[in-house]
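Single-structure report; data block below.
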Amino acid sequence: MADIIKLLPDHVANQIAAGEVVQRPASVVKELLENAIDAGATTIKLIVKNAGKTLIHIIDDGKGMSNTDARMSFERHATSKIATAEDLFKLNTKGFRGEALASIAAVAHVELKTKPDGNDVGTLIEIEGSTIINQEVCATPKGTSIAVKNLFFNIPARRNFLKSNNVESRHIIDEFQRVALAHPGIAMSMYHNEGELFHLPSGNLKQRIVNIFGGKTNEKLVPVQEETEIVTVDGFVIKPEFSKKTRGEQFFFVNDRFIKNAYLNHAVSAAFDGLLPDRARASYFLYLKVDPKTIDINIHPTKTEIKFDDEHSLYAILRSTVKHSLGQFNIAPVLDFDRDSNLDTPYDYKNKNALTPKVEVDRTFNPFANVAPPKKGAQLPKHEKQNTTGWEKMYEGLQSKPSADGGDFSSVSFESDASNTDIFVGAETSMRTENGMNNAFAKAESTTYQLHNKYIVTTIKSGMVIVDQHRAHQRVLYEELLRNITVKESVSQQLLFPLVLEYSTSELGLILQLKEGLENTGFAFGKMEDETLEVTGIPTSIGEGQVPIVLEQLLSDLENEVPDVGFSQTDTLAKSMAKSMAVKAGESLDDLSREHLVNRLFACKEPSVSPSNRTTFITLTGDELEKKFK
Ligand code: ADP
Ligand code: MG
C-alpha cells in the first residue's frame with residue numbers, strides 16, 4: 001500500500017489553529033491588546049467597526065518590531081516570549097503560544113505597520129488568508145498598528161456563526177474592560193463606529209474602575225487586601241447594598257490575567273452571605289497574585305481558565321478575606337470617615353498600616369459539608385425567615401481565638417500535617433506486618449495515604465500508585481455523567497423548596513438548550529422565564545449549595561466552546577459538571593473516600609487520563625524502587 005500520511009500545508013494548519021484561538025471578533029481584540037501590553041505599550045487605542053466584523057484596529061506605542069521580526073511574527077509557534085519549556089513555569093507575559101498572529105492572519109485581511117525605537121522607517125506587511133501580498137518600508141510612528149479586516153472572509157460558516165452586532169460588540173467591550181482593569185497604568189481608549197466608548201487615562205486601580213463604570217462607583221467600593229504565603233489578594237468589592245440582580249461586575253485577575261472561576265466566585269459570594277438583598281449577586285474586582293509555579297494557564301487556548309495547585313485553600317482565604325473587609329468596613333463608621341479622604345488612592349490605604357487583618361483559615365473547611373446556605377442568586381424559602389440582621393453573620397469565622405501559632409497567618413501551613421506524618425506511621429505499620437520488601441509489594445494492601453492533600457498514594461501488586469485526586473475524580477464523574485446523560489437513568493433528589501436562581505435571558509437560553517441533558521443527570525426544573533430559573537431537583541451526587549457553581553461553570557464552558565467540528569454539547573456538559581463537582585486539590589479526604597475514589601478510577605474505561613487529557617496517576621514498580629535504592 002502506498003504511503004498516505006502527509007503534513008498539512010501551513011495555511012491549512014493555521015486555519016485549524018485559528019478555530020481554537022479566534023472564535024469571534026472579541027478573541028482578536030483580546031490577542032492584539034495582550035500583544036500590545038507585552039510590547040510594553042503605555043498607550044493603546046482600539047478602533048472597531050461593525051462589531052469587529054469589518055475592522056479591528058489596534059495601535060500601540062510599544063517596542064515595535066524589526067523588519068525580520070515583523071515577517072516572523074506571522075509564523076505559527078513564532079514567539080519572542082519563551083525559549084525553553086522551563087520558561088512556561090515563570091511566565092510574565094500574556095502571550096507565549098506564538099499562534100495568535102498566525103491564526104488571525106489565516107482567517108482575515110491583516111495590515112501590520114511597525115517600527116522599533118530608533119529606526120527611521122518602519123515595516124508594512126499585508127497578509128490575506130496566510131498569504132503575504134505586500135511587504136515594504138513605510139513611515140509610521142514608533143510602535144505597532146495592526147488592522148484586521150473582514151474576519152472569517154474565507155470561512156463563511158464561521159462568519160455566519162457570528163451573533164448580532166449587539167452581542168459581538170458586548171463581547172469586545174468585555175475583553176477591553178478586562179484588559180483595562182488588569183492594567184490601570186496603561187492609557188487606553190476604544191472607538192466603535194467613530195464614537196468614543198472609553199477614554200481611560202493612566203491611573204490607579206480605583207480611578208480605572210471609576211473611569212469605566214462611572215463616577216458613582218467610587219462610593220460603592222470596599223477595599224480588600226490580604227497577604228498570605230500562597231496568595232496575595234488586592235482589590236475591591238462592591239458594598240452589598242449596591243449589588244445588582246443580574247450578574248454584575250465580577251472580575252478575578254490572577255497575576256494580571258483575567259480569569260473565570262466558578263468555585264472562587266462562590267467563595268466571594270459565600271462571604272456576602274446574609275448581607276445581600278434578595279437574590280442579588282456580589283460584585284467584585286479582585287486581584288490575586290500567586291507564584292506562577294502553582295498555576296497552570298496552559299489549560300485553555302483562550303486562557304481564561306487557570307488550574308490552581310491548591311484551589312481549596314484559595315477558597316477559604318478569599319472567603320474570609322472578603323468577609324473581613326465587609327465586616328471591618330461596615331462596623332467601623334469612624335474608620336470609614338477617616339478613610340474617605342484617602343479613598344482615591346488605594347495605595348494610601350496600604351501605607352496606613354491600618355489594622356492588619358487577621359484571618360483564620362480553616363483548612364479542612366468544606367463549603368458543601370453542611371446543607372449549604374443558599375448561595376449567590378439563591379432565594380430563601382419564603383416562610384423561613386432569615387434570623388439575622390446581617391451583623392452577626394459578618395462575624396462568623398472571624399472571631400478568631402488566637403490560634404496555637406499566635407494566629408499569625410503567615411505561619412499557617414496549608415499541608416495537612418496529619419497526613420504528612422501519616423505517611424510514615426502508616427508505612428511503618430504496614431511494613432511491620434510484611435516480611436520484607438518483596439512481600440510488601442506482592443500483597444495488594446488497600447491502605448491509602450494522602451500526600452499534600454492533593455495526591456492519593458496506594459499500593460498495587462507491582463508497586464505503588466500515586467493518583468491526582470482532582471483529575472481522578474473528574475474522570476470518574478465524567479464517565480458516570482456521560483452514561484447518565486445518554487442512558488437517562490440517574491436519580492434525582494427533589495428539593496423541598498425550589499432553588500431560585502437569576503440568569504440573563506441569553507444564559508437561560510443556553511441552559512434551556514441543555515435542559516434534557518441536565519435532567520438526565522438528575523436536575524429537575526420548574527419555571528424558566530423572566531430571568532429566573534427554578535431548580536426543583538438536583539443530582540444525588542451534589543449538594544444544594546453546589547448548584548450555582550455547577551451551572552455557572554457550565555455557562556462559562558459553553559461560552560468558551562467553539563461550535564465547530566466535533567463539538568458535542570453532551571460532552572461539554574459532562575466535562576463541565578465533572579470539573580465543578582470533582583474534589584479539589586487541597587481537600588483532605590478520609591480513608592473511605594480515598595479508597596472509594598481509587599477503586600472507582602480503576603473501574604473507569606479510560607482511567608489514565610482526565611477528561612481534558614491530563615495524566616491521572618503514575619506508578620512506581622518495586623523494580624524501579626529497588627533501582628533507586630541501589
Ligand atoms: P505570542 O504573543 O504568543 O508570542 P503572537 O502570535 O501573538 O504570539 O505574536 C508573535 C510575536 O510577535 C510576539 O512574540 C512578539 O514578539 C511579536 N508581536 C506581536 N504583536 C506585537 C506588538 N504589538 N508589538 C511588538 N511585537 C509584537
Ligand atoms: Mg500574543
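Annotations for the structure displayed:
- Region 83-104 - residue that is buried (at least 17 other Cβ atoms within 10 Å of the Cβ) and aliphatic (A, V, I, L, M) and, of those, farthest from residue 259 (Cα to Cα): 102
- Residue among 31, 20 that alone is within 24 Å of the chain's Cα centre (by Cα), assigned by TED's automatic domain parsing to the domain that holds residue 173 and either away from ligand 1 (no atom under 15 Å from the Cβ) or buried (at least 21 other Cβ atoms within 10 Å of the Cβ) (or both): 31
- Complete set of residues in region 22-54 that are within 19 Å of residue 156 (Cβ to Cβ) and either among the β-branched types (Val, Ile, Thr) or in a strand (DSSP E or B) (or both): 22, 28, 54
- There is no residue in region 525-532 that is crowded, with 17+ Cβ neighbours inside 10 Å and not in a strand (DSSP E or B).
- Residue that is farthest from ligand 1 (Cβ to nearest atom) [pool: residues in region 105-129 that are in a loop (DSSP other than H, G, I, E, B) and either crowded, with 17+ Cβ neighbours inside 10 Å or within 33 Å of the chain's Cα centre (by Cα) (or both)]: 129
- Selection over region 1-17 of residues that are outside any loop (DSSP other than H, G, I, E, B) and of a type outside the set (S, T, N, Q) gives a count of 6.
- Evaluating residue 208 against the criteria (1) surrounded by 19 or more Cβ atoms within 10 Å (Cβ to Cβ); (2) touching a strand residue (DSSP E or B) at 6+ places or on another chain (Cβ under 6 Å); (3) among the charged types (D, E, K, R) leaves one unmet condition, (2).
- Candidates in region 72-104 are the residues that are outside any loop (DSSP other than H, G, I, E, B) and touching a Ser or Thr at 6+ places or on another chain (Cβ under 8 Å); of these, the one that is nearest to ligand 1 (Cβ to nearest atom) is 101.
- Counted residues, region 166-185 - those being surrounded by fewer than 15 Cβ atoms within 10 Å (Cβ to Cβ) and touching a Gly at 6+ places or on another chain (Cβ under 9 Å): 1
- Filter result for residue 136 (without any contact (Cβ under 8 Å) to a residue 12 or more places away in the chain and assigned by TED's automatic domain parsing to the domain that holds residue 76): no
- Answer residue from region 479-518, given it is part of a helix (DSSP H, G or I) and of a type in the set (Val, Ile, Thr) and is surrounded by the most Cβ atoms within 10 Å (Cβ to Cβ) among those: 485
- A residue that is at pLDDT 90 or above and closer than 15 Å to residue 519 by Cβ occurs somewhere in region 576-589.
- Any hit, region 161-175, residues being assigned to a loop (DSSP other than H, G, I, E, B), among the acidic types (Asp, Glu) and more than 16 Å from ligand 2 (Cβ to nearest atom): no
- Among the residues of region 120-129, some residue qualifies, meaning at least one is away from ligand 2 (no atom under 16 Å from the Cβ), small (Gly, Ala, Ser) and in contact with a helix residue (DSSP H, G or I) (Cβ under 7 Å, 6 or more places away or on another chain).
- Exclusive hit being in contact (Cβ under 8 Å) with a residue 40 or more places away in the chain, more than 16 Å from ligand 2 (Cβ to nearest atom) and closer than 30 Å to residue 199 by Cα, set 94, 53: 53
- Residues that are more than 16 Å from ligand 2 (Cβ to nearest atom) and within 11 Å of residue 145 (Cα to Cα), drawn from region 34-46: 45
Yes or no, residue by residue, for (1) outside any strand (DSSP E or B); (2) touching a Phe, Trp or Tyr at 6+ places or on another chain (Cβ under 7 Å):
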position: 578; (1), (2): yes, yes
position: 583; (1), (2): yes, no
position: 587; (1), (2): yes, no
position: 595; (1), (2): yes, no
position: 600; (1), (2): yes, no
position: 606; (1), (2): yes, no
position: 611; (1), (2): yes, yes
position: 618; (1), (2): no, no
position: 623; (1), (2): yes, no
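The values are calculated or read from the model by the stated rules, or taken from the named source; none is laboratory data. All values derive from a computational prediction rather than experimental measurement. Neighbour counts run over all protein chains shown; Cβ positions are idealised from the backbone, glycine included.
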